[in-house]
1. Could you check how many residues of the stretch B:224-235 are in contact (Cβ under 8 Å) with a residue 24 or more places away in the chain and facing chain A (nearest Cβ under 9 Å)?
2. For the stretch B:98-120, does any single residue satisfy the condition of being of a type in the set (A, V, I, L, M), farther than 30 Å from B:Glu10 by Cα and in contact with a strand residue (DSSP E or B) (Cβ under 8 Å, 6 or more places away or on another chain)?
3. Could you pull out the residue among A:Met249, A:Met188 that is more than 7 Å from chain B (Cβ to nearest Cβ) and either in contact (Cβ under 8 Å) with a residue 60 or more places away in the chain or surrounded by 21 or more Cβ atoms within 10 Å (Cβ to Cβ) (or both)?
4. If you take the residues in the stretch B:27-71 that are under 27 Å from B:Gly255 (Cβ atoms) and in a strand (DSSP E or B), which one is nearest to ligand 4 (Cβ to nearest atom)?
5. Residue check: is B:Leu96 surrounded by 12 or more Cβ atoms within 10 Å (Cβ to Cβ) and assigned to a helix (DSSP H, G or I)?
6. For the stretch A:422-431, indicate whether the set of residues that are part of a strand (DSSP E or B) and either modelled with pLDDT under 85 or crowded, with 17+ Cβ neighbours inside 10 Å (or both) is non-empty.
7. Just to be sure before I move on: is A:Lys33 in a helix (DSSP H, G or I), assigned by TED's automatic domain parsing to the domain that holds A:Asp12 and out of contact with any Cys (no Cβ under 7 Å at 6 or more places or on another chain) in the structure I sent?
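The values are calculated or read from the model by the stated rules, or taken from the named source; none is laboratory data. Given the structure is predicted, the values throughout are model-derived calculations rather than measurements. So basically every Cβ, Gly included, is an ideal-geometry build from the backbone, and we count neighbours across all protein chains shown.
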Amino acid sequence: MTNSIADIQTADTMFITGSNTTENHPVIGAQLKRAVKAGKKLIVADPREIEMAEYADVFLKIKPGTSVALHNAMMNVILEEGLEDKAYIQNTTEGFDELKKVVEKYTPEYVADICEVDAEDIRKAARLYGEAGTATIIYCMGITQHVTGTESVMTLSNLAMLTGNLGKAGGGVNPLRGQNNVQGACDMGALPNVFTGYQPVTNEAIVKKFEDAWGVKLSDKPGLTITDTVKAIEEDRVKMLYVFGENPMISDPDTKHVEKALKKAFVVVQDLFLTETAELADVVLPAAAYAEKDGTFVNTERRVQRVRKAVDAPGEAKPDWVIFMEIMNRLGYEKQYKDAEEVFEEIRQVTPQYAGISYERLETKGIAWPCPTEEHPGTPILHIGKPARGAGLFKAIEFVESEELGDPEYPLVLTTGRILYQYHTRSMTGKTEGINKIAPESYIEMNPELAKKKGIKDGDVVKVKSRRGEVQIKAKVTDRVEENVLFIPFHWSEGANVLTNGEVFDQFSKIPGLKVTGINVEKLA
Amino acid sequence: MINLKINGFEVQVEQGATILQAAEKIGIKIPTFCYDDRFKPHGSCRICVVEVEGARSLMTACCIPASDGMVVQTESEAVVEARKEILDLILANHPLDCLTCEQAGRCTLQDLCYQYDMEETSYDGKRKSYEKDVSNEFYTADQTKCILCGKCVYMCSQVQNTDALCFVDRGFETHIGTPFEQGIAESTCVSCGNCVSVCPVGALMPKRREKYRYWEVDKVQTTCSYCGVGCQMELLVKDNKIMEVLPVKGHCNEGLLCVKGRFSFDFVSHPDRLKKPLIRKNGELQEATWDEAYDVIVNKIKEVKDHDGPDAVAAFSSARGLTEDNYLMTKMMRAVIGTNNVDHCARL
Ligand code: SF4
Ligand code: SF4
Ligand code: SF4
Ligand code: FES
């Protein structure tokens, strides 16, 4: 997030898109609802009528995969009606003219057809956003998990820059991170192209710096993403896969391919449980849970917070970092760490954003990075004054219809997401009885009209087919979704990812297009 | 700035601060049942009354703003008498089953009765009787214990913003319920348990997995391991096992949790946890020692590296692991194995 959780509630207008906040980030959801009750304005864009929609001044029930068009249309209206921040554009941005040219044709009327919403609602949304003193954008996987996800995020930045809403309190473009420590994993360079703190592996000086710090020669060739890895295994380029705390058998798109890859490579899995992925492994290592170790998590607002050991790990399970250290030692790398704090001290030394953070400082409260020195209070709001890269660059982007759609054999649109009670692949939540009573099994949401046409009743088991697979699943008939849109939560193995597309990625982020899949549904004979 | 005197001590506070906040500032504790700084002031229980020099009646410290020159007594005879009267009235309608009540040790009523030597009520009369609502999977609501402080209602309506709870009926029959009295399971309740956390007595209680007393547990503050909000919480631990999770007022969560953070901790001590390394032998995963497992892994890494180069090894790191775990995972891959093939599911 560019701004903090506390800060986004101070915006005059909030634009929530592709985030089912009350279910996926419940505590932020509660805070945003409070802000709306106190008079803040709310725009919600989502293919489903999520709870936040009830609180919205404008709710845009858009067709999945059409966000780029919507954002362009909002900019079109803002420019048409002169709501842009001319001084901000002039002083801090580049590329405005091209943006203007591109969004010109995205009139509300034109986009209303693409998004399947009312043109007047697009205008209302644009005005609410454009006329606000401060306006914040909050988004999640509903924006990023598309083949055009990165572009969609760029259009959100465009929108924020156009109205001067970057780098100020109550503004910003704020992705909500799904898992507890996605931010920390990214910060630590658990990405194929960067070291810690987003320092590129392709930069000679950076490589040199890490070579000095770690005392070894390093590769400057970017590595493989998860999805590329699966492909590389199929093509025999990768022979061994080490899976730490992930369950790609359920979480990755296109389960069939993942399974094939896991069976083919030599696989090590390190986890709390014998997950669906661990069952296919060659070696499984027992890991300690969060309550069994000391360390840190970094939340969605970049705040580094302490995790503290409360109980002993069962049997011989060990903290993950201890396992990595012991393997490194056995491979001849001698460095030993006596505790997590010593690991953190090394992180500080090689990561400028973390340099000022220490366990001692974290004892009383979390600190948001960048925090360059011990005296620095941390940075709850990024880009104050101007964007981090100097001038903010507008990237004009055209809307492209998802290739998933338009196949007459699979005319319906499937979208996926999380639900309140379960988490990820359920390896943790699925162990709580009460949770399983409330959310026992997978289901597919479908509109009453569609159900009627297909002769399906609430609770019937239906057959759902896509180009990649087929599942049988219970129908939940609800007008939360439009007639041609369906939704499956992704927590269950008998679920969404059997159907989704693991082959077509966003060209920048390599995120697979999970949120739009062409499907067909039939009643089970 | 405002200057006042509480129990003879000078204190300076900002304009708008309440007497309660002023007292807190110098470590003087004034009891409360219904106050919470996250709610709009409502002053319904009156247990926080204090004596203000020159005022005609006692004042509720939680809602009256401090004013310049105020002279306050928090435990004067009149104050103590008033508090005892309030407790007396509450006890007239409260089952005195502290011996078995699970809130014991965390109960404001119990604590205040002890503080003011209230053993029993002097009233005799009709007692409330309600059936306990056990319909929610994670907590119970026992209206016979409710002192009508309203905290649960305000928590749900002003802070959690789910509006599942409300006052039902009037007069002696007043109690906490759901809008259509359909029971909590059928209401809009999302089982966040935030009402349960603020109930000052044993009316709203988590459903326990096993028995523990609040004085038996160790408390460890940590960060929730589910979503990216990063709520702060306290694990209550007895005999090396998590008994309950309570919210802590952190930066990002303001003392709130959701159903996952508050109630879904059974996985930690679940019998299915992996306890030993496993190695596939003859097609089956079999238990092994750490040495054996490490040998297999290290030999395989060396073999693949020798044969196909370091880029034939890849790793998926974890968005659920610690920052420190992730750091050493990436260091292992980059510095020791020699490849940048490390990614995690930020994208998924
Ligand atoms: S558990 Fe949460 S949602 Fe349910 S009544 Fe209590 S505060 Fe409201
Ligand atoms: S249930 Fe508890 S919190 Fe709610 S009014 Fe009664 S005593 Fe207060
Ligand atoms: S308690 Fe709920 S909202 Fe808070 S971090 Fe945990 S999962 Fe997220
Ligand atoms: S605490 Fe002040 S009136 Fe209840």
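1. Looking only at that region, the number is 7.
2. no
3. A:Met249
4. B:Thr60
5. Answer is no for this residue.
6. No, the stretch A:422-431 contains no residue that is part of a strand (DSSP E or B) and either modelled with pLDDT under 85 or crowded, with 17+ Cβ neighbours inside 10 Å (or both).
7. yes
Residue-by-condition table, conditions (1) of a type outside the set (D, E, K, R); (2) touching a residue at least 40 places away in the same chain (Cβ under 8 Å); (3) in the same structural domain as B:Tyr35 (by TED's automatic domain parsing):
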{"residue": "B:Thr222", "(1), (2), (3)": "yes, no, no"}
{"residue": "B:Asn240", "(1), (2), (3)": "yes, no, no"}
{"residue": "B:Leu246", "(1), (2), (3)": "yes, yes, no"}
{"residue": "B:Lys260", "(1), (2), (3)": "no, no, no"}
{"residue": "B:Ser264", "(1), (2), (3)": "yes, no, no"}
{"residue": "B:Leu285", "(1), (2), (3)": "yes, no, no"}
